[in-house]
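For reference, the structure is listed below as structure tokens.
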Amino acid sequence: MPHQEPEAKIFACSQSIHLAEKIATHYGVPLGKVTFSKYSDGEFQPSYEESIRGLRVFIVCSTFPSSDNLMELLLMIDAAKRASARHVTAVIPYFGWARQDRKDKPRVPIGAKLVANLLDAAGATRIMTMDLHADQIQGFFEKPVDHLFASTIFLPYVRSLNLENLTIASPDMGGSKRAYAYSKFLESDVVICYKQRRAANVIDTMELIGEVKGRNVILVDDMVDTGGTLAKAADLMIEKGALSVRAICTHAILSGDAYEKIERSQLSELIVTDSIPLQRTSEKIRVVSCAPLFADVMRMVQNNNSISGKFLM
């Protein structure tokens, strides 16, 4: 008899239910039932309300702060393992703690490696994520990692804008590789912002490397947190003669007064995915769903098919 892969079921942590529902709809299965019991001190316990014995389980959970999201994912992985699931895939659209990918000064942790160890210890047999803050984080895992690129969904949107005199920009030196990849695909110029920080999330100075006069600029980055870098870069580029400035950021963390900064800035539009649920709406923020991308790749993984066709660059 031909080999047949076990049935797949999709579950979600509490803060990622909306995205998981869209993924399940595109995949073609109902979202699995899981409940969370909470104690008065804040401790919680997940419980699968249907059998998962011998199945492939996909658990959708972005691990943005607070740490409860990460803890929910770890407990759900452990519960699935103890319920005899055959495969447990942690689907982490936004992989939190990824900015701590190295020791950049003495006596600090490597948080991304710690999270990788925790996921491995909990029992995850595969990791699926999107636009890691640093590509080398894939090497922190001893299990297969499917690292997806949001460019697969962003590039068609950029092309639909039909912008003339297009220039791709990186908001910092670290994102230059991503900017050059976009520019190569779109056959456009590239400019880079050089910034210096006084502290985390606090920009001291910013300079522009390249020419933006008379150009329509699109900034590309993996995440937007406080929005300070994007706002400052957009204002600088308009000052230097850019016709318009848009930004593409995969993960919309948008903490503090980020929404106000974006709305006050010279940005025409901020395009993000729904890897993290927005806290509120804004006329300047457009959400492009990553659910179809994850659903397609999850189906390919389930059927043991190659996922290379999902990479545009």
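The values are calculated or read from the model by the stated rules, or taken from the named source; none is laboratory data. Here the structure is a predicted model, which is why all the values come from computation and not from measurement. Glycine gets a Cβ as well: all are built from the backbone with ideal geometry, and neighbour counts include every protein chain shown. What goes into the accessible areas is simple: the full protein's heavy atoms, side chains included, and nothing from ligands, DNA or RNA. Shrake-Rupley method; radii C 1.70, N 1.55, O 1.52, S 1.80 Å.
Values as computed for the structure displayed
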read-out	value
Expected 222 nm ellipticity per residue - DSSP helices of 4 or more, -39500 (n - 2.57), all of the chain, to 500	-9000 deg cm²/dmol
Region 165-192-region 75-96 distance, computed between alpha-carbon centres (Å)	36 Å
The chain - accessible surface per residue (Å², probe 1.4 Å)	48 Å²
Residue-wise HN-Hα coupling along region 280-288, computed from phi with Karplus coefficients 6.51, -1.76, 1.60 (Hz; x: Gly, Pro)	7, 8, 8, 5, 8, 9, 10, 9, 10
Ranking by accessible area, most exposed first, for 223, 298 with a 1.4 Å probe	223, 298
Phi to ³J(HN,Hα) by Karplus 6.51 cos²θ - 1.76 cosθ + 1.60 over region 173-189, Hz, x for Gly, Pro	5, x, x, 4, 4, 5, 4, 5, 5, 4, 5, 5, 5, 8, 6, 10, 7
Helix 111-122 axis, angle to the chain major axis (alpha carbon atoms, nearest 10°)	20 degrees
Rounded accessible area of residue 61 (nearest 10 Å², 1.4 Å probe)	0 Å²
Relative contact order, percent, region 160-243 [alpha-carbon distance under 8 Å, six or more residues apart]	32 percent
Cleavage-rule hits (trypsin sites (Lys or Arg not before Pro)) in region 4-63: DSSP loop, at most 14 neighbouring Cβ within 10 angstrom	33, 53
Diffusion coefficient, µm² s⁻¹, Stokes-Einstein with Kirkwood Rh over alpha-carbon pairs of the chain at 10 °C and 1.306 mPa s	77 µm²/s
Vicinal HN-Hα couplings computed from phi for region 239-253 (Karplus, 6.51 cos²θ - 1.76 cosθ + 1.60; Hz; Gly/Pro x)	4, 8, x, 5, 6, 7, 9, 10, 9, 10, 9, 4, 10, 8, 5
Expected-Rg normalisation [2.2 N^0.38 Å, Cα atoms] applied to region 212-255	1.16
Per-residue SASA entry for residue 306, accessible area with 1.4 Å probe, Å² rounded to 10	80 Å²
Accessible surface of the chain, 1.4 Å probe, proportion on carbon and sulfur as whole %	49 percent
FRET efficiency estimate (nearest 0.05) - Cβ-Cβ, residue 264 to residue 25, R0 30 angstrom	0.25
Unit Cα scatterers, Debye sum, region 153-253: log10 I(q)/I(0) for q = 0.15, 0.25 Å⁻¹	-0.54, -1.51
Per-residue SASA entry for residue 229, accessible area with 1.4 Å probe, Å² rounded to 10	20 Å²
Antiparallel %, DSSP beta bridges [both residues in the chain], to 5	25 percent
